[in-house]
Amino acid sequence: MAQSVERWLYPTEHGLFCEPGGFYIDPHRPVDRAIITHGHGDHARSGHGAVLATPETIAIMKVRYGETCAGAFQSLALREPITMNGVEVSLAPAGHILGSAQIVMTWAGRRAVVSGDYKRASDPTCEAFELVPCDVFVTEATFGLPVFRHEVAANEVHKLFRSMAAEQSRTHLIGAYGLGKCQRMIRLIRDAGYDKPIYLHGAMVALTHLYQQLGIALGDVRPVAHEDPKAFVGGIVLCPPSAIGDRWSRRFNDPVSVFASGWMRIRGRARQRGVELPLVVSDHADWPELIATIQETSAGEIWVTHGREDALVYHLSTLGITARALKLVGRDDDEDA
Amino acid sequence: MRAFAALLDGLATTQSRNRKTALLGRYFRDASDPDRGWALAALTDGLPIRVSLRRMLAGLTSRFIDPVLYKMSRDYVGDTAETVALLWPDRANAGEGPSLDTVVQAMASGTTAERTEALGRILDSLDPSGRWAVLKLIGGAPRVGVSARLARTALAEAFDRDVNDIEDIWHALEAPYSDLFQWLEGRADKPDPGLRPVFRPVMLAHPIEDDDWPKLDAKDFSAEWKWDGIRVQISARGGEVRMFSRQGDDISIAFPEIRSAFAMQTCVADGELLVMRDGVIAPFNDLQQRLNRKTVTAKMLREYPAHVRLYDLLFVDDEDLRASSFDSRRARLEAWHVEHQPPLTDLSQLVAFESFDALHTVWSSARDDGIEGLMLKRRDSVYQAGRVKGQWFKWKRAALTLDCVMMYAQRGSGKRSSFYSDYTFGVWRDGSEGQRELVPVGKAYSGFTDDELKQLDRWIRANTTETFGPVRAVSPGLVLEVAFDALQKSARHKSGVAMRFPRIHRIRWDKPASEAETLETVMAMLGQSTAVPDQPASPPSTLI
């Protein structure tokens with residue numbers, strides 16, 4: 001007898017809980033058993049008893065929080081089903097960042113997919129999103145408004161190159177989220193034929209090296225520290241978005257401030273941050289991708305987590321799709337997405 | 001359209017004035033006529049099209065977007081033109097799109113329904129950036145951080161001309177300014193302003209410095225009060241009257257009473273725009289209620305009556321007086337005013353004095369609210385555009401100062417980005433639970449050196465208690481001696497007072513925060529400065 005999914009998968013104060021499986025998904029507080037969708041700070045936290053995730057996500061967590069950030073780790077390759085207390089669990093690629101996975105759970109004749117963060121656009125640094133038909137699909141809504149239609153990332157890189165050609169005496173300082181976006185930007189820049197060294201803010205070095213160890217070719221990347229300031233002129237430096245306005249950035253003479261983010265679609269956002277060159281590059285699904293993905297899963301019910309869930313829930317209702325907002329605590333608004 | 005869209009995009013995201021000027025200059029040189037003229041119009045006086053963009057867009061958007069989703073999007077984006085540009089469906093054939101001229105022509109005629117259809121077709125042919133540019137173009141006031149003056153300055157620099165030569169004729173020109181561009185490119189003579197009232201670039205004063213005095217002779221100078229309003233120029237001819245700010249922006253639309261007051265005149269006169277009730281100058285705040293408006297209500301006209309206090313005459317009938325001396329222009333002004341007596345005007349009275357010492361006594365005793373200080377004008381000064389050395393001086397009334405405590409610091413922009421350079425400060429008052437608390441009285445971002453800025457920045461980072469985006473709250477530990485021109489009652493500020501022109505006078509690293517001023521003292525100062533409305537030196541207000 002099929003049992004309604006909300007009877008066995010529901011939000012608690014620790015996070016989303018799969019009761020028969022006895023595990024949480026991306027809990028924001030320490031728990032005994034957690035399955036982690038991907039390595040971003042608002043999904044992967046330290047202090048859990050046991051963590052199950054893709055090998056890449058575990059490697060990322062160890063770099064960010066240390067080898068002992070969880071009591072035990074169990075790595076699970078993509079598409080390899082296991083059973084946890086009778087719940088069949090497998091991981092499907094989410095296309096968000098390296099190692100990102102959707103959690104597929106089947107129990108009592110029903111299947112639920114918690115997608116974590118995801119995108120459908122191509123990304124040379126991670127496996128592409130794979131659609132898993134299900135009864136309940138749990139989706140993010142970071143860009144859950146119809147004004148969000150991301151640009152083709154490769155075109156945005158050409159925008160960067162045009163600006164570099166026009167401003168040859170200035171350094172292009174690209175603000176980008178340190179895990180995922182940073183490495184994707186480097187790879188996109190390499191794929192577009194740029195082979196000079198790319199310089200990194202100190203906070204980005206360790207994760208970038210990890211990407212390289214895990215087989216993502218990023219070319220000649222060097223830390224900014226100890227480099228002769230002349231080296232940056234006319235070049236590319238990547239840093240966390242917050243560093244652009246910080247004292248750290250004073251070492252560059254009159255840099256062009258660049259920000260690679262889905263938010264850059266909105267001019268006001270770019271102006272607020274004083275961004276001179278906004279690049280619309282996002283690791284989250286835009287509005288058309290959200291709608292298409294939800295429809296393709298043929299799920300009878302959609303649960304919407306963080307972001308602009310009001311608009312998405314409203315729109316799905318006009319399409320005749322049952323949807324509701326799932327209030328999860330501790331989820332960021334992903335200002336740097 | 002692509003070049004114009006790139007220009008607007010660049011202007012919107014560039015903070016630097018130099019870079020904006022360069023972007024504008026490149027566009028004005030490279031773009032063709034009449035497109036560049038329409039672009040210039042959009043950035044200055046607006047395009048000569050009257051369409052209700054709001055109504056057209058309401059009709060168009062309802063065809064492809066649910067009204068609830070539209071409203072959610074509009075609320076999030078905060079700008080109608082941008083929301084529509086982003087929501088509009090992308091078409092496969094989007095590209096260069098129509099020229100600016102095509103857009104202007106399509107919007108200039110036809111019924112609302114026809115223009116709405118035309119706009120839809122135009123938006124269909126563009127990418128998001130192009131759509132945004134079109135909507136900004138026809139919506140008026142693109143708000144990309146470019147003033148009309150900056151646009152004209154960039155135009156002058158692009159063609160190696162003096163901006164004053166453009167200002168001289170600007171208000172006689174009409175979009176798309178092909179005669180102007182022909183002259184700038186050396187292909188035609190300078191356009192003739194003819195019979196239209198135009199702006200004449202204004203003459204400005206230098207602040208007087210201590211070492212100026214020994215070089216000056218009292219008998220060479222004429223003195224008059226410096227009023228606390230805004231400098232305007234009134235240009236009237238053939239029944240048409242315009243009032244300009246000192247940057248040459250036409251502000252007459254919101255001042256119909258001043259336009260009628262000069263309707264019978266043919267003149268160009270400089271004066272101070274004030275709000276005046278029963279011969280008494282109202283606080284600057286009252287004048288602000290009338291500024292930056294496109295329309296004016298009968299209620300505003302009644303509650304904030306405008307008045308112009310005149311002090312120079314540049315043209316009378318068609319005679320150009322600018323090459324004559326200040327004394328002789330002044331004589332002409334007085335005679336002209338007696339003869340014509342335009343309503344809602346009076347003359348700024350001269351202040352007689354024997355010596356600079358005597359004048360100093362007058363200056364230091366002036367506490368009238370409407371007075372900012374004194375102006376000294378060389379009697380033989382001819383009227384020249386700009387801030388000409390040694391001719392006119394402004395002698396601002398000694399600033400008042402208060403010891404305040406820094407409360408918040410905000411990051412600056414441009415050269416100062418990443419430094420905390422804007423400071424909100426407060427004074428002490430008794431809080432609800434018997435404890436003293438700080439209440440903000442003002443915000444300042446000038447008056448310190450680059451070295452001091454670095455020290456302040458360091459102190460702020462070390463004493464931050466909370467961070468809100470670009471703003472940091474700091475612990476109450478640093479006293480700033482703040483100079484300001486006047487105190488005003490303010491309903492907007494929690495403390496009930498606001499400072500006019502506050503700036504950092506000194507940083508009192510030595511002074512304990514607990515010894516800074518109290519709100520009680522500040523309120524007492526406010527009482528004083530309003531309690532003494534008229535000093536002997538104040539001019540009579542009976543000329544009206």
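The values are calculated or read from the model by the stated rules, or taken from the named source; none is laboratory data. Keep in mind that this is a model prediction, so the values were computed, not measured. Cβ placement follows ideal geometry from the backbone for every residue including glycine, while neighbour counts extend to all protein chains displayed. The protein model used for the area step is the full one, side chains on, heavy atoms only, and it has no ligands, DNA or RNA in it. Shrake-Rupley method; radii C 1.70, N 1.55, O 1.52, S 1.80 Å.
Numbers for the structure displayed
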quantity: Strands (runs of 3 or more DSSP E) fully within the stretch A:204-263 counting 1 or more residues that are open to solvent by 50 Å² or more (accessible area, probe 1.4 Å) and more than 16 Å from A:GLY274 (Cα to Cα); calculated: A:221-223
quantity: Filter result for A:ALA192 (within 23 Å of A:ASP286 (Cβ to Cβ), away from chain B (no Cβ under 14 Å) and open to solvent by 20 Å² or more (accessible area, probe 1.4 Å)); calculated: yes
quantity: Residue match in the stretch A:116-138 (condition: part of a helix (DSSP H, G or I), hydrophobic (A, V, I, L, M, F, W, C) and touching a residue at least 24 places away in the same chain (Cβ under 8 Å)); calculated: no
quantity: Long-range neighbours under 7 Å by Cβ, at least six apart or interchain, first residue facing another protein chain (nearest Cβ under 9 Å) within the stretch B:1-23, second open to solvent by 60 Å² or more (accessible area, probe 1.4 Å); calculated: B:ALA12/A:ARG271; B:THR13/A:ARG271; B:GLN15/B:SER413
quantity: Residues of the stretch B:132-176 classified as among the charged types (D, E, K, R), buried (at least 20 other Cβ atoms within 10 Å of the Cβ) and closer than 30 Å to B:LEU87 by Cβ, total; calculated: 1
quantity: Odd one out for A:CYS182, checked against (1) closer than 24 Å to B:GLU82 by Cβ; (2) surrounded by 19 or more Cβ atoms within 10 Å (Cβ to Cβ); (3) not small (Gly, Ala, Ser); calculated: (1)
quantity: Residue pairs meeting the criteria (Cβ under 7 Å; at least 6 apart or on separate chains; first surrounded by fewer than 23 Cβ atoms within 10 Å (Cβ to Cβ) and hydroxyl-bearing (Ser, Thr, Tyr), in the stretch B:231-247; second part of a strand (DSSP E or B) and at pLDDT below 95); calculated: B:SER245/B:ILE230
quantity: Residue in the stretch B:378-391 that is under 30 Å from B:ASP422 (Cα atoms), open to solvent by 50 Å² or more (accessible area, probe 1.4 Å) and touching a strand residue (DSSP E or B) at 6+ places or on another chain (Cβ under 6 Å) present; calculated: yes
quantity: Among (1) within 14 Å of chain B (Cβ to nearest Cβ); (2) open to solvent by 10 Å² or more (accessible area, probe 1.4 Å) - the single one A:TRP107 does not satisfy; calculated: (1)
quantity: Residue match in the stretch B:44-67 (condition: within 14 Å of chain A (Cβ to nearest Cβ) and assigned to a helix (DSSP H, G or I)); calculated: yes
quantity: Residue within the stretch B:88-96 that is within 14 Å of another protein chain (Cβ to nearest Cβ), under 33 Å from the mean Cα position of the chain (by Cα) and in a loop (DSSP other than H, G, I, E, B) present; calculated: no
quantity: Qualifying residue in the stretch B:20-38 (condition: open to solvent by 60 Å² or more (accessible area, probe 1.4 Å) and assigned to a loop (DSSP other than H, G, I, E, B)); calculated: yes
quantity: Pairs where the first residue, in the stretch A:263-279, is more than 7 Å from chain B (Cβ to nearest Cβ) and the second is charged (D, E, K, R), C-beta under 6 Å, 6+ apart; calculated: A:TRP263/A:ARG269; A:LEU279/A:GLU156
quantity: Matching option when the condition is closer than 26 Å to A:GLN272 by Cβ and in contact with a Gly (Cβ under 6 Å, 6 or more places away or on another chain), among B:ALA85, B:ALA81, B:ALA42; calculated: B:ALA81
quantity: In the stretch B:455-500, the residues that are assigned to a loop (DSSP other than H, G, I, E, B), at pLDDT 85 or above and open to solvent by 30 Å² or more (accessible area, probe 1.4 Å); calculated: B:ASN463, B:SER475, B:PRO476, B:GLY477
quantity: Residue identified as away from chain A (no Cβ under 14 Å) and of a type in the set (Asp, Glu) among B:GLU114, B:GLU82; calculated: B:GLU114
quantity: Answer residue from the stretch B:267-311, given it is among the β-branched types (Val, Ile, Thr) and buried (at least 19 other Cβ atoms within 10 Å of the Cβ) and is farthest from B:PRO201 (Cα to Cα) among those; calculated: B:ILE281
quantity: Those residues of the stretch A:280-303 which are within 11 Å of chain B (Cβ to nearest Cβ), open to solvent by 20 Å² or more (accessible area, probe 1.4 Å) and hydrophobic (A, V, I, L, M, F, W, C), in sequence order; calculated: A:TRP287
quantity: Residue in the stretch A:304-311 that is within 14 Å of chain B (Cβ to nearest Cβ), small (Gly, Ala, Ser) and surrounded by fewer than 18 Cβ atoms within 10 Å (Cβ to Cβ) present; calculated: no
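Yes/no matrix, rows are residues, columns are (1) touching a strand residue (DSSP E or B) at 6+ places or on another chain (Cβ under 8 Å); (2) open to solvent by 30 Å² or more (accessible area, probe 1.4 Å):
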position	(1), (2)
A:ASP26	yes, no
A:PRO30	yes, yes
A:ILE35	yes, no
A:ALA44	yes, no
A:ALA53	yes, no
A:LEU76	yes, no
A:GLY95	no, no
